[in-house]
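Read the figures in this text as sums done on the coordinates, not as results from a lab. Since the model is a prediction, treat every value here as computed from it, not as a measurement. Virtual Cβ from ideal backbone geometry, glycine too; neighbours counted across all protein chains shown.
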Amino acid sequence: MKKRDYLLYILIAIICILVILIFAKEVLSMKRLNPVAAKVEENKINIDTNNVKIEELSDYSVRANVPIFMYHWIKDDTGDYAYPENMVKPDELKKQMDYLHENNYDVIFVSELNSLQHYEKPVILTFDDGWEDVYRIAFPYAKELNMKFCMYIITDLVGTPGYCTIEELKEMKESGLVELDSHTLSHPYLNELSAEEVENELVGSKNYLKENLGVDSKVICYPSGRQNATVLNIVSENYNYGLLMDGGVFRYNSDFSNLYLIPRIYAMRSMTLDTFINYCETSLVNVI
């Protein structure tokens, strides 16, 4: 065999190796983009995404970064509460919402994750538990700015001291600015319950919202982010989306494999406006 032929074979081999390395890098990149999908696969959770009602994405391939912020109370004075980081200051919340408004962010509902191709800079604001602070403070801010937010209701606590009344929830829902969804009946650690108990919490809260507020809840916010394979399987039969408590910026891709383990950003009391802005600046949508 001539020396020229050896050189040709060596060149072909080098090209093949480079192609393999590029392909491997792309596969690893996809896994980093969607780590929660790997968790679903690892736990062998059989989620039938054909049952998820995704109306608008069939003709699109979408990748997006969506910062989803998690709040609880809105208070100046933390009192003797053991976890003051759960209480964002009213003026800090106002600064954050003003920043989103002034910088033309698309503040959307979780249920609009199925139509990200319509947005350029999506951000989501979520409030857990159903505290009356949200009605008294966040809701007026939202109306002033015509800005959406999401609220997750512990349905057994509606109307009890410190929580929203059914009338307040109705007013927020009817404004069109607030998406109400389930945070279970009683806020248990779902991963510590039997399958029957999990179903009671998930279906019972969904039924309450439907019967009392006319809300067909598509989103479950897991109490304290706790879930397991049993929980996720029951969730997939009743909801389209599931929210964790933390985990950072949501890395969305349109194969729908990570919609039941959606991470959020803990908007704690000590979060500075600069930190909030840094998270927001990661927002982007790529449509192919």
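With Kirkwood's inverse mean 1/r over C-alpha pairs for Rh, give me the Rg to Rh ratio of the range 165-288, two decimals please.
Details: Rg = 16.0 Å, Rh = 16.1 Å.
Here Rg/Rh amounts to 1.00.
May I ask which of Lys121/Lys170; Lys75/Lys218; Lys75/Lys206; Lys89/Lys218; Lys94/Lys173; Lys95/Lys218 have a Cα-Cα span longer than 27 Å here? Could you put the intermediate results ahead of the total?
Working: Lys121/Lys170 29 Å; Lys75/Lys218 29 Å; Lys75/Lys206 29 Å; Lys89/Lys218 30 Å; Lys94/Lys173 21 Å; Lys95/Lys218 30 Å.
Cα-Cα > 27 Å for Lys121/Lys170; Lys75/Lys218; Lys75/Lys206; Lys89/Lys218; Lys95/Lys218; rest within.
Hey, for a label at Asn286 modelled as a point 7 Å past Cα toward Cβ, could you say which residues of the range 104-118 have their backbone N under 17 Å away?
Those under the cut-off are 116-118.
Between Glu237 and Asp156, what is the FRET efficiency for a Förster distance of 25 Å, r being their Cβ-Cβ separation, to the nearest 0.05? Don't skip to the end; give the middle numbers.
Working: r = 22 Å, r/R0 = 0.87.
In this case the efficiency is close to 0.70.
With an 8 Å Cα cut-off and a minimum separation of 6 or more residues, compute the relative contact order for the range 46-287 in percent. Please report the intermediate quantities before stating the final value.
Numbers: 483 pairs, mean separation 68.1, N = 242.
Rounded, it is 28 percent for the range 46-287.
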